[in-house]
Amino acid sequence: MPEPIIKTEHLSRSFGTIKAVDDLSLEVPAGIVFGFLGPNGAGKTTTIHLLLGLLDPTRGNARVLGYDSHDQAGEIRARCGALLEFAGLYERLSAEDNLDLYGRIYHMPAPDRRARIKELLTHLDLWDRRKDRVGKWSRGMKQKLAVARALFHHPPLIFLDEPTAGFDPVAAAALRNDLAALVGREGVTVFLNTHNLTEAEKLCAQVGVIREGKLLKVGNPDELRMNTGGPQAEIVGHGFSEQTLSLLRERPEVAHAELQNSHILIELRKEGEIGPLVSLIVQSGGEVEDIRRGKASLEDVFLTMMEEEKK
Ligand SMILES: Nc1ncnc2c1ncn2[C@@H]1O[C@H](COP(=O)(O)OP(=O)(O)OP(=O)(O)O)[C@@H](O)[C@H]1O
Ligand SMILES: [Mg+2]
């Protein structure tokens, strides 16, 4: 196994009595988009700040690209790109001057800077607007520029903290497509904070789920689905009663059955025939119009996990 690009051991950070990050032990392999998924206040941003050495841990440690995040934070920050919660662009400078300035900070020679500006802005469809003052740009355009800046000096690892937060669904989908294409082209490892499940499913090869500072699960989105949500069947029709539901719940293959928008949603313990279940529904007076089979979405899985933690 190659060295993980990020490795944390018991990483913890408290603010007074709040445990923002609590005993986080995590390994992220190089070459993937890793999604750090959790609700508001889960500790995602604090984790990125710890990994970049912008914040000191109260306990535990983190190694990023082989460097200790406390003792060698400068080495880490010189080698990583980041799009943090506040993009921090210079609104009075043009797009190309923003990138150029950034390249200078990283001591990139002028011809390299010029080539890189053209390459990235072209890929993000911003090349024609490169002379505009960034202050006049839309939020989506600014965020794309911030992504370009994070990638500008060819870092092997970038951190993106909720890149599509506050976007409308169309703009979010467009930025995700751009991100997926760019990340593939550049072969960069990405640590992506998100509370958006669609985003995690679209972009991430692996997902870590965090809540109240604690890591609940790590795996690829499919594995998470398998561990938590089994196969499902949705029975569309009418005349379903509480009695129908309790009969279903008595069946050994049924993990869960509930009425949702007048449909019956059944979660099965494993793949298999549902004919007997449908007969049972009909016998108890229900009328079945349609049966939809499927697997739990990552969203179902996520909600289940959050519920289980609360118990
Ligand atoms: N500088 C700080 N001072 C005090 N408390 C803080 C500080 N930074 C974070 N916290 C607390 O730590 C917890 C985790 O916050 P964090 O910003 O890491 O969450 P998050 O997962 O990024 O949430 P969001 O999705 O809302 O961005 C929260 O309870 C927050 O109030
Ligand atoms: Mg955050």
Here, strands (runs of 3 or more DSSP E) confined to the stretch 150-225 with at least 2 residues that are among the aliphatic types (A, V, I, L, M), touching a Gly at 6+ places or on another chain (Cβ under 8 Å) and modelled with pLDDT of 90 or more are 157-161, 206-211, 214-219
Within the stretch 28-65, residues being part of a loop (DSSP other than H, G, I, E, B), surrounded by 20 or more Cβ atoms within 10 Å (Cβ to Cβ) and within 16 Å of ligand 2 (Cβ to nearest atom) number 4
Checked against (1) away from ligand 2 (no atom under 16 Å from the Cβ); (2) within 17 Å of L151 (Cβ to Cβ); (3) outside any helix (DSSP H, G or I); (4) touching a strand residue (DSSP E or B) at 6+ places or on another chain (Cβ under 8 Å), I76 satisfies every condition except (3)
Note to self: Taking the criterion of being without any contact (Cβ under 8 Å) to a residue 60 or more places away in the chain, within 13 Å of ligand 1 (Cβ to nearest atom) and in contact with a Ser or Thr (Cβ under 6 Å, 6 or more places away or on another chain), would at least one residue in the stretch 58-68 satisfy it?
What the structure shows: yes
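Could you please let me know if A42 is within 16 Å of ligand 1 (Cβ to nearest atom), touching a residue at least 60 places away in the same chain (Cβ under 8 Å), of a type in the set (G, A, S) and under 30 Å from K131 (Cβ atoms)? Reasoning before the result, please.
Numbers: within 16 Å of ligand 1 (Cβ to nearest atom): yes; touching a residue at least 60 places away in the same chain (Cβ under 8 Å): yes; of a type in the set (G, A, S): yes; under 30 Å from K131 (Cβ atoms): no.
Criteria not met by A42.
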| message | On the basis of being in a strand (DSSP E or B), in contact with a His (Cβ under 7 Å, 6 or more places away or on another chain), at pLDDT 95 or above and assigned by TED's automatic domain parsing to the domain that holds C204, does S25 make the cut? | response | yes
Filter the stretch 79-90 for residues that are of a type outside the set (A, V, I, L, M) and within 12 Å of A146 (Cβ to Cβ); the one that is farthest from ligand 2 (Cβ to nearest atom) is Y90
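Restricting attention to the stretch 124-149, report how many residues are in a helix (DSSP H, G or I) and more than 15 Å from P163 (Cβ to Cβ).
The qualifying residues number 6.
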Inspect all residues belonging to the stretch 149-160 and state whether any of them is within 24 Å of the chain's Cα centre (by Cα) and either within 16 Å of ligand 1 (Cβ to nearest atom) or without any contact (Cβ under 8 Å) to a residue 24 or more places away in the chain (or both). yes
Scanning the stretch 12-27 for residues that are among the aliphatic types (A, V, I, L, M) and within 16 Å of ligand 2 (Cβ to nearest atom) gives I18, A20, V21, L24
### Task
Evaluate the stretch 94-112: report whether one residue or more is touching a Phe, Trp or Tyr at 6+ places or on another chain (Cβ under 6 Å) and assigned to a loop (DSSP other than H, G, I, E, B).
no
Filter the stretch 9-25 for residues that are aliphatic (A, V, I, L, M) and either closer than 14 Å to D56 by Cα or more than 10 Å from ligand 1 (Cβ to nearest atom) (or both); the one that is surrounded by the most Cβ atoms within 10 Å (Cβ to Cβ) is V21
Scanning the stretch 65-91 for residues that are modelled with pLDDT of 95 or more and either of a type in the set (S, T, N, Q) or farther than 30 Å from K7 by Cβ (or both) gives S69, Q72
Within the stretch 69-87, the residues that are out of contact with any Leu (no Cβ under 7 Å at 6 or more places or on another chain) and within 16 Å of ligand 1 (Cβ to nearest atom) are L84, E85, F86, A87
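The values are calculated or read from the model by the stated rules, or taken from the named source; none is laboratory data. Quantities reported herein were computed from a predicted structural model and do not represent experimental measurements. A quick note on method: Cβ atoms are made from the backbone with ideal geometry, for glycine too, and the neighbour counts reach across all protein chains shown.
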